[in-house]
Amino acid sequence: MMKLKMLLLSMALVFSMPNFAAAHEHESTPVDHDEKPCNCKEDKHRHLMHKDWQAMMKEREQKLLSWVDQYTPDKKGEWTKVLEEKKTLRNQWMSPENAAKREQWKKEKMTKMEELKKQLDEGKITKEEFMKKAHHGKKMGHWKIFHDLRLAVDKKDDKQAAVLLNQLLVQMKEHNQMMKEMLKK
């Protein structure tokens with residue numbers, strides 16, 4: 001039981017840190033992680049985590065684009081468009097105008113997590129069911145595909161790398177669509 005609580009706490013921390021850091025940026029300007037430095041220097045720990053996250057995401061995008069060039073060059077335009085749209089949607093989501101939507105989304109998500117935790121504690125659902133429902137049926141697929149893609153690249157498996165890049169592109173398009181729907185609410 002203690003392990004489960006630690007797992008839940010760790011998951012909540014991992015999922016909330018990027019949003020937490022971004023949400024505490026200067027509220028009068030939209031968030032643009034590529035061009036503007038973060039504005040969280042008051043808290044050095046948070047600043048370092050935010051910078052690490054920014055650097056990690058930028059590095060990940062650069063790797064993706066280099067792999068696209070190498071394994072699926074015919075999709076370069078599509079990838080560039082999807083990644084730009086993702087940045088635009090994220091900036092809109094993190095803008096001060098959408099603060100109320102973000103708070104409402106967080107509140108609903110936390111309520112659902114508490115309800116699922118209660119069901120788990122009462123034995124009404126299994127740990128696996130809890131994980132699946134907590135992540136809306138995803139199994140952190142985008143991170144797994146990225147990991148598998150990295151392995152395929154390391155093994156020089158061109159065919160598998162192309163397949164995984166195409167899967168990741170589909171997932172990113174779906175994510176962008178989900179973000180558009182959240183912004184419409």
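Worth a mention:
- For the range 64-77, the criterion of being closer than 16 Å to Gln167 by Cα, among the hydroxyl-bearing types (Ser, Thr, Tyr), part of a helix (DSSP H, G or I) and open to solvent by less than 70 Å² (accessible area, probe 1.4 Å) is met by at least one residue.
- Test: Asn98 is under 21 Å from Arg60 (Cα atoms) and either in a helix (DSSP H, G or I) or among the aliphatic types (A, V, I, L, M) (or both): no
- Condition check for Glu85: in a helix (DSSP H, G or I), of a type in the set (D, E, K, R) and exposed (fewer than 14 other Cβ atoms within 10 Å of the Cβ): no
- Residues in the range 79-95 that are farther than 25 Å from Asp69 by Cα and touching a Lys or Arg at 6+ places or on another chain (Cβ under 8 Å): Trp93, Met94.
- Test: Leu151 is surrounded by fewer than 16 Cβ atoms within 10 Å (Cβ to Cβ), free of Cβ contacts under 8 Å to residues at least 60 places away in the same chain and closer than 21 Å to Gln62 by Cβ: yes
The values are calculated or read from the model by the stated rules, or taken from the named source; none is laboratory data. What you are looking at is a predicted structure, and each value in this text was computed from that prediction instead of being measured. Every residue, glycine as well, gets a Cβ built from its backbone with ideal geometry; the counts of neighbours run over all protein chains shown. Calculation scope for accessible area: heavy atoms of the full protein, side chains included, ligands and nucleic acids excluded. Shrake-Rupley method; radii C 1.70, N 1.55, O 1.52, S 1.80 Å.
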